[in-house]
Each structure stands twice: as structure tokens, then as C-alpha cells.
Amino acid sequence: MKVLLDACVWGGAAGVLKDAGHDVEAVASWPADPGDEAILARAFEGSQVVVTLDKDFGELAIVRTVPHHGIVRLVALSAEAQGPAAVAALARYGADLARGAVVTVEPGRVRIRPADATDAT
């Protein structure tokens, strides 16, 4: 799966995702962080799932209905747990993400907002 890793996610998560077979681009490798809306637009253009810690991506997708190809938000996870949690979410919810779902992963809990729910205002 094609993934765009937000700058706020632990840098080591990129290696974990790559080792799991994902095509990973990291915002941290860009010359400057262009902001959430530009990141989401670039991910959409590249058919990438955004992996982030930032709740603002959910607002962009749900409230402002900015188009996207899926968002995985990691909440309250240690840096070292972020990569494995993202890999597990992509493996289990890949089909939902491909349809534009927002998946929130917390210790002991996963919430999925399907694409049709993100289209509602």
C-alpha cells in the first residue's frame, strides 16, 4: 500500500512500514512541512494513505470534506509502537482505507469512520 507518513509520526515507523512491504514517503524528508491541507492533497494525488498523529486530518476529511485515500490516526502510542500499529491497521483495514475511511488506532481500541460517513456534512 502507498503511505504518506506525516512529520509528527516517529521516523522509525517508516522502516517498519517498508519492511512490511509498503511504499512509504515521509513528510519529514521534504524540505519544509507545507501544512496539513497540502499534505492531504499530495497524498490524494499520489493515492497514498496518510498516517498521522494529528487530529486535524480528520477535521479536513470529515468536516471540510477534503478528498483523500484514507487516513490512519495513531493516538496515545509510544514512538516504537507507532510503526507496528500502522502496519496492523493497514493490513486489517486496507480495503476500508482504499475506499477513503478514517481509522483511529488507540491502545486497545480501533475506530473506523467509513468513507460514506466522511462524505456527510
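Please treat every number below as a calculation from the coordinates, not as lab data. Treat the numbers as computed from the prediction; the structure is a model and nothing was measured. Every residue, glycine among them, receives a Cβ derived from its backbone with ideal geometry; neighbour counts consider all protein chains shown.
Here are a few things to note about the model shown:
- For segment 1-93: rounded, prolate or oblate by the Cα gyration tensor [a/c cutoff 1.5]: rounded
- Three-way shape call for segment 38-83 based on the alpha-carbon gyration tensor, with the a/c threshold at 1.5: oblate
- Mean ellipticity per residue at 222 nm, deg cm²/dmol - from DSSP H runs of n ≥ 4 across the chain, formula -39500 (n - 2.57): -12000 deg cm²/dmol
- Taking the chain and dividing mean pair separation by its residue count, relative contact order in percent (alpha carbons under 8 Å, at least six apart): 26 percent
- Dipole in debye (nearest 20) - the chain, about Cα centre, beta carbon charges: Lys, Arg +1; Asp, Glu -1: 340 debye
- Ranking I62, A13, V105 by how far each Cα lies toward the positive end of the dipole of segment 4-121 (charges on Cβ) leaves V105 at the top.
- Computed 3J(HN,Hα) for segment 53-60, one whole-Hz value per residue from the Karplus formula 6.51 cos²θ - 1.76 cosθ + 1.60 where θ = phi - 60°, is 9, 8, 6, 4, 5, x, 5, 4, glycine and proline marked x.
- The alpha carbon centroids of segment 1-49 and segment 68-105 are separated by 12 Å.
- Ordered by the number of other Cβ atoms lying within 10 Å of each residue's own Cβ, fewest first, L77, L17, L53 fall into the sequence L53, L77, L17.
- Antiparallel bridges, percent of DSSP beta bridges restricted to the chain (to nearest 5): 25 percent
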